[in-house]
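A short worksheet on the structure shown next.
The values are calculated or read from the model by the stated rules, or taken from the named source; none is laboratory data. This one's a predicted model, so the numbers in the text were calculated from it and none came from an experiment. Virtual Cβ from ideal backbone geometry, glycine too; neighbours counted across all protein chains shown. For the accessible areas, the whole protein counts, side chains as well, though only heavy atoms, and no ligand, DNA or RNA atoms are used. Shrake-Rupley method; radii C 1.70, N 1.55, O 1.52, S 1.80 Å.
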Amino acid sequence: MESQGLSSAQTPDVREEQFETAAPHTAEPVEASAAEAATSVVETTSENTPADSNSESAAQTTNPYAGKTQAELIDLLARMIDERPVQNLRGDIEAVKIAFYKAGRADIEAQRASYLAAGGDPEAFQPTLGEWETKFKELLLRYREKRDAFINNAEQEKERAYAAKLQIIEELKELVNGNETLGQTFNTFRELQQRWKEAGLVPQDKIKDLWDTYHHHVENFYNYIKINKELRDLDLKKNYEAKTELAEEAEALMLDPSATNAFHKLQKMHEQWREIGPVAPEYKEALWERFKAASTQINKRHQEYFEGIKAEQKQNLTLKTELCEKVEELAAAAFTTHKEWNAASDQIIEIQKVWKTIGFAPKKDNTKIYERFRSACDKFFEAKRAFYQDMKSEIADNLQAKLDLCAQAEALQESEDWKATTDALIALQKRWKEIGATSRKHSEQVWQRFRAASDHFFARKAAHFGSVDAQYADNLARKEAMLDEMRQRLQEKVDITFDTIKEYQRRWAEIGFVPLKKKEAIQAEYRKVVDGLFALLRGEERERHLRNFKDKISKIQEGGTRKLNQERERLYNKIRQIEGDIQIWENNIGFFAKSKNAEALMKEVQNKIARAKEQIATMTEKIRMIDHPEAVTATAEEQSSVEEMPAPTAAEPASTSDTNETTTNTTDKE
């Protein structure tokens, strides 16, 4: 191997010399001759052109351009300079020059003969010089400039070739430090040799040192090959073990439930694979095919995952397009009243909320659809702003009309004519609603004034009739009887459905008011019983849910404990997350006392906390079923011990009753 490599490395001297001699288009001797020829051509004139008859006759017999006119020669020379490589023109330029000046002398001789035939004095003869010689010299000057540019470019090419060969030597130095197989290293070495041959000529003064350096590193390379072989065998074995381990990890990664997580891990594995280095040729293909097969499966899952995202994004684009069309329809509508504008504004706000719940559209459409949506919303609110600008005078009239209603309500607030005054105030409330909006500055103030007068009268009326309404006592008895019926059904646990509970709520609301002193107690007992009905109903649903989960556990167990542990870990993490949410909600309750709607907000958060605790209880039961699947009985007694959330609709009838009792005490705020 060494002898073969050395003989191959020593041949570039000869080949380089052959290359230089075989390239007349770039060789320096040719360029020097071309430069001398161009200089002599420019300086030659009709006076100093050699007139030796023998040389002329010889040139005529060998010159392919002899016999042509000066005009033809000029045209021919121009085409040579424009169409042919400048380094190939020297011989033809010389031939054209000789033919041109010979044609010029023939023309002068013809003029002389004509002049003498006409009786002219031979001493006084002056030839007429045409414009051809000037054009000819201009073309020769163009040729010389083009030739000089070629020479300069040739020198630059030599410098570039010299730099390229220095780079090849540097790569040859680094070749002995590589991690490739011997075959790959030799292939790289052959490529470097080929690049060396193709690099071209270098400046003459640098040839010797360049070749000496090149030969030195070629010899170092062959010495390295011999020493490195034994070490490479050990390295190949280590690389085989490392790549086998990577292949096994990739196969295990196919079971990862997260396609993106598996894909990113696979990318790191591929980086490790490339960094490890080669293995023995007999193992290379099989090992790579094993690793590639696992990679293909993971990449396929990842691709399918993103195809699903693309499909979802297309669906999002469709949904967002529909929202844009709805907003554009509202923006194009011509609303004429404050009520219509407020209703349309509410629709826009709801659409904007829905927009926020929809995910991204495809990247190429996402910005466009958002700009379309924003533009439609801006158009709507600009139109609304313009509408209210035009309504300023109407708003002022509305304020005056509401002030008049305030004065009328205040005049009635001390009246004891309960029926007539009630009807009058209800009529005033109706008229209040019919009047349009007022300015934001006065809206709350005038509303509070009107409401205070109305509430004052109705509070007096409620105090007057609170102790004498016999109907309320009858309603109380009917509601107590209904509670007994509901308790009996709850105790028997028979035919409890959502429709049953809704029917109880309807009947409760139809009974009417009860005495004020009994109102809270009877309502609290009603909520308690309804909550019990809802709890029992949810318990049955929870029992079915746990039975389904038990069946799911049985199926998972058939596939081994790995997936079972994953399900347990998922439930455990979800419990921790919900506990964190509960802590945040409980901390936030302390801030609600300062807000305007504190009671409603606190109730909403408390309902959230109750639902979250119910979720925790259910997931805790699921974890227990995973840990002790053989002990799961899912009895009704165990389910009833789980903390239940108050029924969200149980308080609705009570709220309805409360509202009915105070319908005439307040008015709807504009």
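Roughly how many percent of the accessible protein surface of the stretch 87-173 is carbon and sulfur, given a 1.4 Å probe and a whole-percent answer?
52 percent
Report the one residue of Ile108, Leu73, Val86 whose Cα lies farthest in the direction of the positive end of the charge dipole of the stretch 72-152 (charges on C-beta: Lys and Arg +1, Asp and Glu -1; origin at the Cα centre).
Val86
For Thr260 and Glu434, compute 0.36 nm times the residue count separating them, minus their Cα-Cα distance, and round to one decimal in nm.
56.7 nm
Given +1 on the Cβ of Lys and Arg, -1 on the Cβ of Asp and Glu, and no further charges, what dipole in debye does the stretch 328-468 carry about its Cα centre, rounded to the nearest 20?
Roughly 640 debye, rounded to the nearest 20.
Among Met254, Ile309, Gln194, which residue has its Cα positioned farthest towards the positive end of the charge dipole of the stretch 191-332, with +1 placed on the Cβ of Lys and Arg, -1 on the Cβ of Asp and Glu, and the dipole taken about the Cα centre?
The one lying farthest along the dipole's positive direction is Gln194.
Compute, for the stretch 284-338, the length of the dipole vector about the Cα centre, with Cβ point charges of +1 (Lys, Arg) and -1 (Asp, Glu) only. Units Debye, rounded to 20.
480 debye
Sort 579-586, 606-613 by packing, meaning the average of other beta carbons within 10 Å per residue, with the highest value first.
Those peptides, ordered most packed to least, come out 606-613, 579-586.
Describe numerically, in nm with one decimal, the distance between label points set 7 Å from Cα along Cα→Cβ at Phe381 and at Glu340.
Taking the two extended label points, one gets 2.2 nm.
Of Lys479/Lys603; Lys265/Lys555; Lys479/Lys502; Lys517/Lys603; Lys326/Lys379, which ones are farther than 18 Å apart at the Cα?
Over 18 Å apart, Cα to Cα: Lys479/Lys603; Lys265/Lys555; Lys517/Lys603.
Which FRET efficiency value, to the nearest 0.05, is calculated for Gln352 and Glu604 with the Förster distance at 25 angstrom and r the Cβ-Cβ distance?
0.70
Can you give the FRET efficiency to the nearest 0.05 for Ile584 and Asp423, using r as the Cβ-Cβ distance and R₀ = 41 Å?
Using R0 = 41 Å, I get an efficiency of 0.20.
Using the basic label-point model (7 angstrom from Cα toward the beta carbon), what is the Leu116 to Glu510 distance in nanometres?
About 14.9 nm, to one decimal.
State, to one decimal in nm, how far the label point of Lys552 lies from the label point of Arg527, with both points 7 Å from Cα in the Cβ direction.
For the pair Lys552/Arg527, the computed spacing is 3.4 nm.
Calculate, for the stretch 346-505, the solvent-accessible area per residue in square angstrom, rolling a 1.4 angstrom probe over the heavy atoms of the protein chains.
Accessible surface, normalised per residue, equals 63 Å².
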